[in-house]
Amino acid sequence: MKSEPLTKRRVAGVDDPLFLDSLDIYRTSFPVHEQRRIQDFPLAFQNPGFCYEVFLNGEGRVVAMLVTWRREKFVYLEYFAVDASLRGQGAGQRILEELRDAFPHKVILEIDPPEDGISRRRLGFYQRHGFVPNPQFDYIHPPYTDEGEPFPLLLMTHGDLLDEETYRSFVDFHHRHVVALSLIHIS
């Protein structure tokens, strides 16, 4: 089946209609404990390395989302989801290839440990597209809320395994900047 062309758009903020149009994909693609609260996104949009992109089909409907944090030594892929109606048609592959081609440095992402059918298929998807698991690190994702619990995830990288220095840099950035945004309380 030939996949339709997609148009990429960068989302400007939480008031952008494209952000609002992407929320259904976001909410249905990730477990609640892995989701940043919607009210925490405005702080993320203020960070110059934060990039929220959506992909539109020919009718202008949001059919995929990609949220990255761009650093000098790596790009962290925080969220990536394709609408269920397009899965298996090559859209995810094209988006990942575009991301990989745009960044000569390491792309880092997290997935649930491959303990069930869905998580094993997700692992296989990323492996087919050049990502390798990094089981040498027992990675624990801190909670996005004060009420949440930490949870284990498997880090994956494109191409080569993570070295210790890049891993430490990623964890420091992730915990101090990515997750910490969700724990700031503004009165």
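The values are calculated or read from the model by the stated rules, or taken from the named source; none is laboratory data. Since the model is a prediction, treat every value here as computed from it, not as a measurement. No Cβ is skipped: glycine too gets one built from the backbone with ideal geometry, and neighbour counts run over all protein chains shown. Note: accessible area is taken over every heavy atom of the protein model, side chains too, but ligands, DNA and RNA are not part of it. Shrake-Rupley method; radii C 1.70, N 1.55, O 1.52, S 1.80 Å.
Observations on the structure shown:
- Qualifying GluC sites (Glu not before Pro) in segment 122-172, where qualification requires a DSSP coil assignment and no more than 15 other C-beta atoms within 10 Å, comprise Glu147.
- Sorted largest first, the spans of the alpha carbon positions of segment 63-151 along the three principal axes are 36, 34, 26 Å.
- Rounded if a/c under 1.5, otherwise prolate or oblate - segment 130-177, Cα gyration tensor axes: prolate
- Distance (nanometres) between label positions extended 7 Å along Cα→Cβ at Arg27 and Arg128: 3.0 nm
- Calculated log₁₀ intensity ratio I(q)/I(0) where the Debye formula runs over C-alpha points of segment 101-187, q = 0.12, 0.17 Å⁻¹: -0.42, -0.79
- On the basis of the beta-carbon distance and an R0 of 35 Å, Arg61 and His105 show a calculated FRET efficiency of 0.60.
- In this structure segment 20-88 gives 45 Å² per residue of accessible area when probed at 1.4 Å with all protein chains present.
- Length-normalised contact order of segment 29-187 in % [C-alpha pairs under 8 Å, at least 6 apart]: 20 percent
- What you get for segment 35-109, charging only the Cβ of Lys and Arg (+1) and of Asp and Glu (-1), is a dipole of about 220 debye around the Cα centre.
- Under a model in which nothing but the beta-carbon of Lys, Arg (+1) and Asp, Glu (-1) is charged, segment 1-48 shows a dipole of about 180 debye around its Cα centre.
- Among the GluC sites (Glu not before Pro) found in segment 53-126, those both in a DSSP coil and sparsely packed, with 13 or fewer other Cβ atoms within 10 Å of their Cβ, are Glu59, Glu72, Glu115.
- Cα convex hull of segment 1-130, projected area averaged across orientations, nm²: 8.4 nm²
- The residue among Val132, Pro142, His174 whose Cα reaches farthest toward the positive pole of the charge dipole of segment 73-187, with charges on the beta-carbon of Lys, Arg, Asp and Glu, is Val132.
- Placing unit charges on the Cβ atoms only, positive for Lys and Arg and negative for Asp and Glu, gives segment 1-153 a dipole magnitude near 640 debye about its Cα centre.
- Cβ-Cβ FRET estimate between Gln89 and Gln35, R0 fixed at 30 Å, reported to 0.05: 0.75
- Solvent-accessible heavy-atom area per residue, rounded to whole Å², over segment 94-144 at 1.4 Å: 52 Å²
- Taking all pairs of distinct alpha-carbon atoms in segment 1-57, Kirkwood radius in angstrom: 12.6 Å
- 222 nm mean residue ellipticity, helices alone, for the chain (DSSP H n ≥ 4; -39,500 (n - 2.57); rounded to 500): -9000 deg cm²/dmol
- Of all accessible heavy-atom area on segment 1-125, the percent that carbon and sulfur account for (1.4 Å): 50 percent
- Stretch in the chain that is longest and holds no trypsin sites (Lys or Arg not before Pro) that DSSP places in a loop and that have at most 14 other beta carbons within 10 Å: 88-187
- Candidates per chymotrypsin sites (Phe, Trp or Tyr not before Pro) in segment 37-121, loop by DSSP, up to 16 other Cβ within 10 Å: none
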